[in-house]
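The values are calculated or read from the model by the stated rules, or taken from the named source; none is laboratory data. Everything quoted here is computed from the prediction, not taken from an experiment. Positions of Cβ are generated from backbone atoms using ideal geometry, with glycine treated the same way; all protein chains shown enter the neighbour counts. Heads up: the accessible areas ignore ligands, DNA and RNA and are worked out on the full protein's heavy atoms, side chains in. Shrake-Rupley method; radii C 1.70, N 1.55, O 1.52, S 1.80 Å.
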Amino acid sequence: MISVGILSSSTIRFVLNGEFCFNGQQFVGEHYVSYSDGKIHFLDQEFSEIIFSPSVPKSNFSLKDVVIGVGFHWERKETQTFGGSLRFIVENNTLTAINDLPIEDYLMSVISSEMSATSSPELLKAHAVTSRSWLYAQLIARRRCLNNQQFHAFDTETEHIKWYDKDDHINFDVCADDHCQRYQGITRASTFAVKEAVRSTAHLVLFDENGEVCDARFS
C-alpha cells in the first residue's frame, strides 16, 4: 500500500461515487470538509482525521479543484477521480486529502499520467519498472529517515552529500504532482495496454551493483 498526497486547502469538496464507510456510517454523493481551529469539520462535527473506506471494490471518489502542474506554465485545476480510500488530515494549518491504495494500482495511473495510455507496450513496461523502482527507493529512504537513520549518497574528507528531498513529505509517502510522480487518478489508466504493462512487470525493480533499489529518476 502507498499513501499519496493529492490536495491541500482550507475547504475540500469531494464526491463519493458509490458507498464509503466512515465512523460506522455509510456515505455516498457530494460532500465537503473544512478546516477551523486545528480540526476537520464535517457535518457539524469535529475530527482530527477522517478516513472514507470503500464499502465495495468498485466504489471510487472524485476530488474537485485538484491543482496540477504546480509552478509550471500549464498549472490549472481539475476534478480527478481515484480508487482506494480517501483520508483527510490536518497539516500546516490546513487540510490535506490523501489517497491510500495498492502500489500496483498507483502505477497504472502514473504511467498513464506521466506519458500517454496509448504509448507503445514496451515503453509502458519500461516506464512501469522505472516508476516502481523510483517509488520503492523513496519508501526505503523515507523509512530510514523516520527511523532517524542518516541517508546520503556518500562521504569524503571534504564532502557530505545528502538527498534532502527524501523527507520532504512527512504525513504521506509521495505527492501526486511533478515533484514526485504525476498521479492523476483512475481516469488516466484507461487502456488494456497500461494494465498489462503493470501486470506483466509486477514487482520488478532495478537494482544497482550494491544490491540497492535504484533511485530511477526520469524526466
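If you only keep lysine pairs separated by 8 or more in sequence, or across chains, how many in the chain come under 27 Å at the Cα atoms?
11
Just to confirm the filter: which chymotrypsin sites (Phe, Trp or Tyr not before Pro) across the range 21-109 are DSSP coil and have at most 11 other Cβ within 10 angstrom of their Cβ?
Within the range 21-109, the qualifying chymotrypsin sites (Phe, Trp or Tyr not before Pro) (loop, at most 11 other Cβ atoms within 10 Å) are Phe72, Trp74.
For the chain, what is the accessible area per residue in Å² when the probe is 1.4 Å?
Counting only protein heavy atoms, the per-residue value for the chain is 53 Å².
Quick one: longest stretch of the chain between exposed loop trypsin sites (Lys or Arg not before Pro), exposed meaning at most 15 other C-beta atoms within 10 Å and loop per DSSP?
With a cap of 15 other Cβ atoms within 10 Å, the longest stretch comes to 59-161.
Of all the accessible heavy-atom surface of the chain, with the other protein chains kept in place and a 1.4 Å probe, what percent is carbon and sulfur?
Details: 5910 of 11720 Å².
After summing per-atom areas, the C and S share lands at 50 percent.
I'd like the Karplus ³J(HN,Hα) series for the range 34-49: coefficients 6.51, -1.76, 1.60, θ = phi - 60°, whole numbers in Hz, and an x wherever there's a Gly or Pro.
9, 9, 6, 6, x, 10, 8, 9, 9, 6, 6, 10, 10, 9, 8, 7
Counting Lys +1, Arg +1, Asp -1, Glu -1, what net charge surrounds Phe14 among other residues with beta carbon under 15 Å of its beta carbon?
Summing Lys and Arg as +1 and Asp and Glu as -1 gives -1.
Based on Cβ point charges of +1 for Lys and Arg and -1 for Asp and Glu, what charge dipole magnitude is obtained for the chain about its Cα centre, in debye rounded to the nearest 20?
620
Binned at 10 Å from 0, what are the whole-percent values of the Cα-Cα distance distribution for the range 1-67, short to long?
18, 52, 28, 1
Please list the non-local residues whose amide H lies under 5 Å from the amide H of Cys175, H modeled 1.01 Å from N, same-chain partners needing a gap of 5 or more.
For Cys175, whose amide H was placed from the backbone, the distant partners under 5 Å are Gly5, Cys180, Gln181.
Using a cut-off of 13 Å between beta-carbons, work out the net charge of the residues near Ile40 (Lys and Arg +1, Asp and Glu -1, Ile40 not included).
The answer is -3.
Per residue, what volume in Å³ does the Cα convex hull of the range 40-98 take up?
Cα convex hull per residue, to the nearest whole number: 103 Å³.
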